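Asker: Input: one structure, supplied below.
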Amino acid sequence: MKVRYDPKAILPILTGPRVGILPPEQEKQYQVDMAFDPGIRDWRQNFEKNVGGPPNTDTDPSFDYRKAWAAGDTPRPSADGSPHWGSAGKAENHPTRWKAEFMDKFGEDPDAVGDGRYTPEMKEFIRAKIASEPILDFFAAERAARGEN
Amino acid sequence: MKIKFRPLRVSDFYNIELQPRHAHAEPMFHANPLVLHALTDSPFSFTMEVDGKPVAALGPTDTREIWAYLGHDLKRHMVRLVRYTRAMLEMYGHCWARVDRNNPDGERFMLLLGLRKVKVDEEGTMDTWVNDR
């Protein structure tokens, strides 16, 4: 299926402030990997299929792809089989950054902890993170970027 | 008017004045307190309070299914509820929900939460919705 891009959606990607800087020789390799690495191409195709547009790999304020790439991160299959980047490039206000912090603290994948297995400490940790002020600010900024109230 | 989001409590299921479309579910919920306790166990479940009165409760189950227990006359508070829930779902990750096929309000709520319709259940009475996380 051919994906049709909305020019209005692409404009901020092309004109927004660029996130992440690499030395020129690494930047060259980064561009090659982003274009031709099979895992990254699978991820890009999956992203376009689900979202209906290209991923913002240059100016996304919540995820630094260059930082992730430089840390050796690459898309890996998630629980549902779709390719997914790790946490290395996530900014402080990324919505799922708390999952990596949860794993570091409790040694368990929060997506695999079922009801009845949450300890009081886990519950407290999650409740402090869920819909907290930085995250609500993040969504407020997104809405403002879209011109919504 | 003060709006507050807090962790879900079992008593909220008895204090929320349900909207008429959900009224058929009330006896089933009230007759199964163990189910209510299980729903409150998820740290992602929350209650929305307006001036100290619970008006809506929402959360995921163990199977990542999203449920909602919504009071009547939520119109004025829907924007806050949707924004908070969207933020919660972004952080929660993959989830799904089922909505009656004859419930246009429920379908609109799903669209507002960023879910998309994927299939009809075996009985042909409910649609399944998912987010793409």
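Asker: Across region A:1-23, which residue is modelled with the lowest pLDDT among those that are more than 24 Å from A:G86 (Cα to Cα) and exposed (fewer than 10 other Cβ atoms within 10 Å of the Cβ)?
Answerer: Top of the filtered list is A:M1.
Asker: Mind listing whichever residues of region B:10-24 are closer than 19 Å to B:T85 by Cα and either within 12 Å of chain A (Cβ to nearest Cβ) or polar (S, T, N, Q) (or both)?
Answerer: Correct list: B:Q19 only.
Asker: Inspect region B:51-62 for any residue being among the β-branched types (V, I, T), without any contact (Cβ under 8 Å) to a residue 40 or more places away in the chain and in contact with a strand residue (DSSP E or B) (Cβ under 7 Å, 6 or more places away or on another chain) and give the result as yes or no.
Answerer: yes
Asker: Find the residue count for region B:96-117, including only residues that are loosely packed, with under 13 Cβ neighbours inside 10 Å and over 20 Å from B:H72 (Cα atoms).
Answerer: The qualifying residues number 1.
Asker: Follow-up. Condition check: buried (at least 18 other Cβ atoms within 10 Å of the Cβ), within 30 Å of A:A100 (Cβ to Cβ) and in contact with a His (Cβ under 8 Å, 6 or more places away or on another chain). Does B:V130 satisfy that?
Answerer: Yes: the conditions hold for B:V130.
Asker: Looking at the structure I just gave you, is B:G59 of a type outside the set (S, T, Y), at pLDDT below 90 and either within 23 Å of A:W98 (Cβ to Cβ) or buried (at least 17 other Cβ atoms within 10 Å of the Cβ) (or both)?
Answerer: no
Asker: Hey, could you check region B:83-101 for residues that are closer than 15 Å to B:L111 by Cα and among the small types (G, A, S) and say which is farthest from the other protein chains (Cβ to nearest Cβ)?
Answerer: Taking the candidates together, the pick is B:A97.
Asker: Can we say A:T57 is in contact with a helix residue (DSSP H, G or I) (Cβ under 8 Å, 6 or more places away or on another chain), surrounded by fewer than 18 Cβ atoms within 10 Å (Cβ to Cβ) and β-branched (V, I, T)?
Answerer: So A:T57 fails the test.
Asker: Residues in region A:78-118 that are modelled with pLDDT of 80 or more and facing another protein chain (nearest Cβ under 10 Å): how many?
Answerer: 13
Asker: What is the residue count in region B:25-55 for residues that are within 14 Å of chain A (Cβ to nearest Cβ) and among the small types (G, A, S)?
Answerer: Adding up the residues that qualify gives 3.
The values are calculated or read from the model by the stated rules, or taken from the named source; none is laboratory data. Here the structure is a predicted model, which is why all the values come from computation and not from measurement. As a convention, Cβ positions derive from the backbone with ideal geometry for all residues, glycine included, and neighbour counts pool all protein chains shown.
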